[in-house]
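The values are calculated or read from the model by the stated rules, or taken from the named source; none is laboratory data. Note that the structure is a prediction, hence the values are computed from the model and not measured. Note that we place each Cβ from the backbone using ideal geometry, even for glycine, and neighbour counts take in every protein chain shown. Heads up: the accessible areas ignore ligands, DNA and RNA and are worked out on the full protein's heavy atoms, side chains in. Shrake-Rupley method; radii C 1.70, N 1.55, O 1.52, S 1.80 Å.
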Amino acid sequence: MLKSALRPRSLAVLAVALLVAVMFVLLSRWQLNTSLESATVADPAKDRVSNLENVVRPGESTTAQQADHVVTAVGTYRPETTVLVPGRLQDGVSGYWVVTELELPDSQKRWDAADEDLGLAVARGWVATPDDAPRAPAGEIRVTGRLLPTDAPLPGRPTEPGQVGSVSSAQLSNLWDVPLYSGYVAAFAETPGQYPAPIAEDGTVAASATPMGHGLSRLRIDQQPTDTSVHALNLFYAVEWVVFAGFALFLWWRYVRDEHLRRENPEQYFYFDGDYFWDEDAQSYYYWDAQDQCYYYFDDQPAVGPGSSTPDPDPAPRSDKGAHDD
């Protein structure tokens with residue numbers, strides 16, 4: 001069988017089979033990489049505090065790449081803009097987010113389309129009841145918290161006066177009549193503007209950081225949920241491509257095996273209904289085709305036509321039980 005495998009035609013078929021198998025393995029690897037890329041993994045760099053202007057500029061949309069960064073910004077609260085967002089959970093208890101506009105000085109210079117300084121919606125903290133919501137502190141305030149993409153507005157959701165259904169920048173911009181950043185900040189800490197942000201040695205927000213205001217609980221907002229699992233469909237496709245690669249090599253093995261049997265042991269390869277004979281000179285079996293009135297070798301090449309002498313004048317018949325050429 002090794003002799004058959006080393007024939008030029010067998011080697012050519014092997015080269016094609018290996019090329020196809022490699023292509024299938026690469027497709028399998030691509031499916032696995034696609035599954036891993038679609039997984040959501042927490043980025044430690046996003047937990048280190050950065051300046052807001054280094055993460056997102058005025059007028060830009062807050063993309064998934066920019067979201068979840070912990071940022072710090074200095075501005076002045078406009079207390080009359082404070083609204084409550086109901087239905088927010090804290091330690092399993094439903095309450096309210098206290099949201100106020102933080103006006104950022106000189107932000108108009110960084111966006112040509114703005115006709116005034118931009119505001120930033122800040123979820124300052126959580127309260128259990130509307131009566132617990134404190135007034136926003138006066139003066140310059142440094143806010144440190146996680147930058148989040150804007151919520152979708154919920155116009156059909158009824159709310160009480162002074163409340164909104166979600167932290168939607170578009171809705172709040174209309175409500176406050178000011179241009180806003182596209183995202184908002186869920187605050188972890190508030191400090192007077194002249195003081196630096198409360199940062200730990202590793203660059204993250206210090207555990208002792210708190211908002212300014214009696215009764216206001218610090219928000220605990222992590223990065224978006226992580227998912228490192230391999231998706232079942234991608235895994236199935238990856239295994240499927242590996243099976244196809246193995247099948248390509250199996251087809252080559254079957255080709256070599258059939259070539260070996262056809263050349264070296266045709267009685268195991270051919271299955272013919274009737275008598276067949278052995279040609280010693282050609283080292284091949286042949287048979288008589290009654291319809292064509294001609295002898296044929298089992299490789300479908302004519303052996304002897306009508307009127308010609310038979311390769312073996314006195315052939316020894318070899319009978320078999322079947323009726324086909326595999």
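Looking only at residues that are surrounded by 19 or more Cβ atoms within 10 Å (Cβ to Cβ) and not hydrophobic (A, V, I, L, M, F, W, C) in the range 167-179, which one is nearest to G95 (Cα to Cα)?
If we take residues in the range 167-179 being surrounded by 19 or more Cβ atoms within 10 Å (Cβ to Cβ) and not hydrophobic (A, V, I, L, M, F, W, C), then S168 is nearest to G95 (Cα to Cα).
For T159, indicate whether it is surrounded by fewer than 19 Cβ atoms within 10 Å (Cβ to Cβ), more than 30 Å from Q194 (Cβ to Cβ) and touching a residue at least 24 places away in the same chain (Cβ under 8 Å).
yes
Pick out, from the range 232-326, the strands (runs of 3 or more DSSP E) lying fully within it that include 2 or more residues that are open to solvent by 40 Å² or more (accessible area, probe 1.4 Å) and at pLDDT below 75.
271-279, 318-324
Check off (1) in contact (Cβ under 8 Å) with a residue 60 or more places away in the chain; (2) of a type outside the set (A, V, I, L, M); (3) surrounded by 14 or more Cβ atoms within 10 Å (Cβ to Cβ) for R135 and give me the number that stays unchecked.
(3)
Need pairs with beta-carbon distance below 8 Å; first residue over 12 Å from L14 (Cβ atoms) and within the range 248-260, second of a type in the set (F, W, Y) and open to solvent by less than 50 Å² (accessible area, probe 1.4 Å); sequence gap 6+ or separate chains.
D258/Y269
In this structure, does A45 turn out to be loosely packed, with under 14 Cβ neighbours inside 10 Å, among the hydrophobic types (A, V, I, L, M, F, W, C), within 30 Å of Y184 (Cα to Cα) and without any contact (Cβ under 8 Å) to a residue 60 or more places away in the chain?
yes
Does the range 211-218 contain at least one residue that is open to solvent by 30 Å² or more (accessible area, probe 1.4 Å), part of a helix (DSSP H, G or I) and either touching a residue at least 40 places away in the same chain (Cβ under 8 Å) or in contact with a Lys or Arg (Cβ under 8 Å, 6 or more places away or on another chain) (or both)?
So far as the range 211-218 goes, no, none of its residues is open to solvent by 30 Å² or more (accessible area, probe 1.4 Å), part of a helix (DSSP H, G or I) and either touching a residue at least 40 places away in the same chain (Cβ under 8 Å) or in contact with a Lys or Arg (Cβ under 8 Å, 6 or more places away or on another chain) (or both).
In the range 68-105, which residues are surrounded by 15 or more Cβ atoms within 10 Å (Cβ to Cβ) and aliphatic (A, V, I, L, M)?
V70, V71, A73, V74, V83, L84, V85, V98, V99, L102, L104
Check L18 against each of (1) free of Cβ contacts under 8 Å to residues at least 60 places away in the same chain; (2) open to solvent by 60 Å² or more (accessible area, probe 1.4 Å) and name the one condition it does not meet.
The failed condition is (1).
Listed residues Q65, Q31; which is farther than 30 Å from A114 by Cα, polar (S, T, N, Q) and either touching a Phe, Trp or Tyr at 6+ places or on another chain (Cβ under 6 Å) or surrounded by fewer than 19 Cβ atoms within 10 Å (Cβ to Cβ) (or both)?
Of the residues listed, the single one that is farther than 30 Å from A114 by Cα, polar (S, T, N, Q) and either touching a Phe, Trp or Tyr at 6+ places or on another chain (Cβ under 6 Å) or surrounded by fewer than 19 Cβ atoms within 10 Å (Cβ to Cβ) (or both) is Q31.
One residue is enough: does the range 114-128 have a residue meeting the conditions within 34 Å of the chain's Cα centre (by Cα), among the β-branched types (V, I, T) and open to solvent by 30 Å² or more (accessible area, probe 1.4 Å)?
For the range 114-128, residues within 34 Å of the chain's Cα centre (by Cα), among the β-branched types (V, I, T) and open to solvent by 30 Å² or more (accessible area, probe 1.4 Å): absent.
Among strands (runs of 3 or more DSSP E) lying entirely in the range 74-163, which contain 1 or more residues that are farther than 28 Å from N54 by Cβ and charged (D, E, K, R)?
Passing ranges, in order: 83-90.
Based on this model, can you work out whether E80 counts as of a type in the set (D, E) and touching a Phe, Trp or Tyr at 6+ places or on another chain (Cβ under 6 Å)?
Here the answer is no, as E80 does not meet what is asked.
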